[in-house]
Structures are given as structure tokens and as C-alpha cells.
Amino acid sequence: MAEVDIIQAIELAISHELEARRAYLDLSEQADDPELQRLLKEIAQEEAGHEASLRSRLRLYQEKHLLRDTISRYVSPNVMEEILKNPQLLKLGGKQQRVTVLFADIWGFTSLSEKLAPETVVEMLNHFFTAMVDIVFEHEGTLDKFIGDNLMAVFGTPLEIQGAAVKAARCALAMHRRLREMQTVACHIDRIGIGINTGEVIAGNIGSHRHMDFTVIGDVVNIAARLESLTRELDADIIVGPETYQEISPYFHLEPCEPVVLRGRSEPLHTYRLLGEA
């Protein structure tokens with residue numbers, strides 16, 4: 001039996017509890033014996049409490065099922081189970097956390113999309129993003145959002161993880177490996193650029209009363225996005241920021257780039273090419 005049918009059957013059974021309560025109240029009004037009237041009213045009250053309890057438990061199940069369905073699109077199964085055990089991890093008010101942010105973008109997407117039929121573009125993006133998100137989950141990352149042909153992932157929230165920057169770096173390398181595998185079966189995407197940055201962000205549910213998303217905001221996010229844009233200028237696959245470099249340098253081969261002044265900043269930023277694992 002489909003889950004929807006089971007829920008409807010449960011709701012029907014609960015409605016019978018309501019009908020039974022009304023029947024007991026009707027009988028109490030018809031009874032002449034005061035003791036029997038009192039007994040029937042007590043039974044009706046118990047039925048009311050039972051009905052309320054059943055509805056509450058069913059509602060909690062439905063809310064948990066909705067939460068599971070929603071967050072399974074953004075986090076790995078392990079993280080999802082932790083959130084279901086402790087929903088406070090998705091703190092509404094927001095909290096400050098140290099995380100690593102990853103942006104991945106398809107190079108030349110605009111010109112590529114102009115050459116392909118719309119349905120081909122959509123199919124290509126869906127295939128690409130499905131593969132990339134699977135890799136993010138494999139490395140304990142959280143999908144934050146899609147921005148056009150750009151993917152944003154975060155490592156270290158809503159569940160704190162050890163070695164978030166290292167996991168993000170390994171994720172980036174795995175994404176490039178996966179793209180090379182996809183290119184052996186007529187993939188239209190030639191190259192992607194990835195920017196990675198580490199630092200303090202504010203994490204929480206942000207939006208309006210109509211629509212909210214769990215996301216991260218702060219300068220760390222802005223710099224990660226700009227590092228991703230920088231990959232085209234430097235002809236690099238993966239560029240990481242200085243704090244990411246400090247955390248991952250013992251485990252990876254990195255090459256320093258010329259310090260760059262990012263848009264809106266006066267001080268140069270030290271950046272590094274991520275070449276592979278040590």
C-alpha cells in the first residue's frame with residue numbers, strides 16, 4: 001500500500017475516534033442513571049484525549065517525513081540522520097561557525113548553451129549537478145545552492161566535521177576526476193573552475209516567512225566566489241584562499257599564485273593553486 005493511502009487510512013481511523021466520542025456523549029444524555037451518565041462522559045473524555053494524542057503523533061511523523069524529504073536534497077544520509085535526531089542543528093536564529101566554502105562553475109557555459117537545444121542544456125546540467133552533488137555528499141559537504149551553472153557547497157555546517165578544509169579540497173579534486181570520466185561519454189562540459197575559502201560565517205535559516213533556506217553568509221563566502229572567478233584569469237582548475245592553504249598544506253601539493261587584489265578590496269590576497277594530494 002502506498003504511503004499516502006496509509007496516511008489516509010490512519011486519518012480515517014482517527015476520525016472514528018471522534019465519532020465514538022460523540023456517540024458516548026449522546027448516550028450520556030439519553031441515560032437516566034447519573035452514574036451511567038458520568039461513566040459515559042468519562043469514556044468520551046478518554047476518547048477525546050486518545051484522538052488528540054493520535055493526531056499529534058501523526059502530525060509529528062508527517063513533519064519529520066517532510067523534513068527528511070527536504071534536507072535529503074542538501075546533505076548526505078549520515079548528516080541527515082544526525083539532523084533528524086537533533087533538529088536544533090538547523091538553528092533558526094543563526095550561529096557563527098568556522099566552515100570551508102566551495103564554489104564550482106562551468107567554464108564557457110553561456111557560449112555552450114547558445115549552441116545546444118534548451119532540453120539538451122537542462123539534461124546536461126542535471127546530469128552534471130547530480131554527479132557533483134553526490135561527490136559533495138561523499139565528502140561530508142552540504143549543498144548550499146545552485147546559482148545558474150554554479151554550485152555552492154559548505155563543509156562544517158549544519159554539522160561540524162573534523163578537517164572540513166581537507167574534505168573540501170579532496171572533494172574538488174574528485175569533482176575534476178569525475179568530469180574527466182564524464183567526458184569519455186560525450187559530455188559537453190570541457191572544464192570547471194573551483195574556488196575554496198575557509199573562515200568564520202553566520203549560518204542559519206535566512207529568507208522570508210514564505211521561503212527560507214539554511215545557508216551561510218559573510219566575507220568568507222564572497223571571497224570563495226571570487227576565487228572561483230579567478231580560476232579563469234589564472235587558467236587554474238582549483239584556487240584556494242590563505243586560511244584553506246594553512247589547513248591543507250601538509251596533505252596536498254599547492255603552488256602559490258601572484259597576490260591578487262580582489263574587487264572591492266585594497267589589500268592583496270595570497271592565493272594558491274591546488275594541484276593534487278601529497
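So how far apart, in nm, are the two label points at residue 181 and residue 111 if each is 7 Å from Cα heading toward Cβ?
2.9
How would the stretch 136-242 be classified by its alpha-carbon gyration tensor: rounded, prolate or oblate, with rounded meaning a/c under 1.5 and the a/b versus b/c comparison settling the rest? Please report the intermediate quantities before stating the final value.
Details: a/c = 1.64, a/b = 1.53, b/c = 1.07.
Prolate.
Could you order the peptides 34-42, 238-246, 171-179, 197-205 from most to least packed, using the average number of other C-beta atoms within 10 Å per residue?
For the peptides 34-42, 238-246, 171-179, 197-205, the packing ranking is 238-246, 197-205, 171-179, 34-42.
Report the label-to-label distance for residue 30 and residue 206 in nanometres (one decimal), using points 7 Å from each Cα along the Cα→Cβ vector.
That separation, rounded to one decimal, is 6.4 nm.
Provide, in order from the shortest bin, the percent of all Cα-Cα pairs of the stretch 91-277 in each 10 Å bin, continuing until the bin that contains the maximum pair distance.
9, 37, 35, 17, 2
Over the stretch 91-277, what is the relative contact order in whole percent, taking alpha-carbon pairs under 8 Å and six or more residues apart? Walk me through the numbers before you get to the answer.
Numbers: 342 pairs, mean separation 45.5, N = 187.
Computed over the stretch 91-277, the figure is 24 percent.
No lab work stands behind these numbers, since they all come straight from the coordinates. The structure presented is a predicted model; accordingly, all values stated were derived computationally and were not measured. For neighbour counting, all protein chains shown are included, and Cβ atoms are generated from backbone atoms with ideal geometry for every residue, glycine included.
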